[in-house]
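Let me begin by presenting the structure, written as structure tokens, before commenting on it.
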Amino acid sequence: MSKLIKPEGYRALLDKRETEQGIKLIKDFFQQNLATELRLRRVTAPLFVLKGLGINDDLNGVERPVSFPIKDLNDARAEVVHSLAKWKRLTLAEYGIEPGYGIYTDMNAIRADEELDNLHSLYVDQWDWEAVITAQDRTLQFLKDVVERIYSAVLRTEYLACECYPQLKPFLPRTIHFVHSEDLLQMYPNMSAKEREDAICRKYGCVFLIGIGAKLSNGEKHDGRAPDYDDWSTVAENGKQGLNGDILIWYPVLERSFELSSMGIRVDKEALLRQLKIEGEEEREQLYFHRQLLEGKLPLSIGGGIGQSRLCMLMLHKAHIGEIQASIWPAEMREECERSGMPLI
């Protein structure tokens with residue numbers, strides 16, 4: 001309960017009926033805009049995958065996937081996905097998607113090890129997207145261009161929400177600021193990673209933080225990132241590592257920053273081998289997904305995930321993600337939220 005933020009004087013600006021209507025409005029509008037901006041087609045995605053194929057997302061490498069035996073497969077185990085980062089790349093190859101086009105889908109996950117607070121739930125819902133690129137596209141500038149197109153869709157969604165519900169007032173900046181995690185460390189050397197994110201987001205309103213996963217000059221990572229999807233070890237044009245990053249937004253309702261999207265240019269063969277070696281996970285080279293990539297059977301790609309409940313929370317000015325989605329919360333958190341004007345679904 002110590003992590004629960006209780007904004008003083010908070011009052012939901014939309015009642016439950018308006019909130020449910022707003023959620024549908026935002027989800028329908030944003031996903032269509034995202035698909036148009038990035039030339040994506042919608043596909044159907046799995047809720048779970050077979051264990052041992054290397055397809056599930058390992059996130060920071062410590063989160064335990066929810067798993068269960070399958071009776072008709074001799075009790076082979078399935079895992080509820082953490083995200084679809086690697087599954088999407090297999091799907092791009094299966095569908096024969098051409099460079100410049102891609103796919104998006106609704107991703108639903110259960111993260112049993114999540115520490116629950118205003119932004120973190122056991123239930124995760126996001127738009128997972130992935131697009132085919134060429135070798136020439138594997139640049140920091142290309143990544144920035146895609147980020148700006150995504151942010152333009154976010155801004156249009158904010159405009160729509162505020163038009164439909166005049167009690168909501170826009171707060172997002174007109175442009176997104178780019179900063180590398182190493183530069184951020186140099187700017188705020190005495191702060192923790194989270195404190196640095198808060199400081200830069202408070203200053204600019206919205207930032208794309210580049211280079212998540214590689215060690216910085218202080219010997220620490222800004223944050224963990226699995227070695228087999230984002231390319232965080234390639235040296236980009238600015239001489240720093242990383243072709244990936246996070247979209248972070250300063251949220252005035254909670255007076256803190258929060259991550260809306262994690263994305264990046266994906267590993268090619270060389271980056272995969274390099275990052276598996278850095279992390280001491282060379283044995284993963286024998287897994288199905290990794291063999292497909294190393295044998296040249298998967299296209300080069302860029303992709304990421306955008307939180308659905310988080311986007312709705314942002315657009316509808318809610319103080320707790322449980323005001324947007326139905327999940328399980330500790331009884332004491334529900335009671336404290338009720339007293340603080342944050343009734344959870």
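The values are calculated or read from the model by the stated rules, or taken from the named source; none is laboratory data. Not measured: the values here are computed from a predicted model. Cβ: placed from backbone, ideal geometry, glycine included. Neighbour counts: every protein chain shown.
Observations, loosely collected:
- Residues in the range 1-59 that are among the hydroxyl-bearing types (Ser, Thr, Tyr) and either modelled with pLDDT under 90 or more than 22 Å from ALA109 (Cβ to Cβ) (or both): SER2, TYR10, THR19, THR36.
- All positions within the range 219-233 that are of a type outside the set (Lys, Arg) and in a loop (DSSP other than H, G, I, E, B): GLY219, GLU220, HIS222, ASP223, GLY224, ALA226, PRO227, ASP228, TYR229, ASP231, TRP232, SER233
- Residue check: GLU237 meets all listed conditions (1) of a type outside the set (Gly, Ala, Ser); (2) modelled with pLDDT of 95 or more; (3) in contact with a Ser or Thr (Cβ under 7 Å, 6 or more places away or on another chain) but one, namely (2).
- Positions within the range 141-195 being in a helix (DSSP H, G or I) and touching a Pro at 6+ places or on another chain (Cβ under 9 Å), in sequence order: LEU155, GLU158, TYR159, ALA161, CYS162
- Tally, over the range 234-245, of residues that are assigned to a loop (DSSP other than H, G, I, E, B), surrounded by fewer than 24 Cβ atoms within 10 Å (Cβ to Cβ) and not β-branched (Val, Ile, Thr): 5
- Pairs where the first residue, in the range 92-108, is farther than 15 Å from THR44 by Cβ and the second is of a type in the set (Val, Ile, Thr) and assigned to a loop (DSSP other than H, G, I, E, B), C-beta under 8 Å, 6+ apart: PRO99/ILE133; PRO99/THR134; GLY100/ILE133
Residue-by-condition table, conditions (1) over 27 Å from GLU282 (Cβ atoms); (2) modelled with pLDDT under 95; (3) aliphatic (A, V, I, L, M):
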residue: ALA153; (1), (2), (3): yes, no, yes
residue: GLU158; (1), (2), (3): yes, no, no
residue: SER181; (1), (2), (3): no, no, no
residue: ILE212; (1), (2), (3): no, no, yes
residue: ILE247; (1), (2), (3): yes, no, yes
residue: TYR251; (1), (2), (3): yes, no, no
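- Pairs, first over 27 Å from TYR95 (Cα atoms) and free of Cβ contacts under 8 Å to residues at least 40 places away in the same chain in the range 276-297, second among the aliphatic types (A, V, I, L, M) and surrounded by 14 or more Cβ atoms within 10 Å (Cβ to Cβ), C-beta under 6 Å, six or more apart: GLU282/LEU276
- Put simply, of GLU283, GLU336, GLU279 the only residue that is of a type in the set (Asp, Glu), more than 20 Å from LEU172 (Cα to Cα) and in contact with a Pro (Cβ under 7 Å, 6 or more places away or on another chain) is GLU279.
- Residues being part of a strand (DSSP E or B) and within 20 Å of GLY304 (Cα to Cα) - total across the range 251-276: 10
- Filter result (under 26 Å from the mean Cα position of the chain (by Cα) and farther than 18 Å from CYS312 by Cβ) within the range 6-23: LYS6
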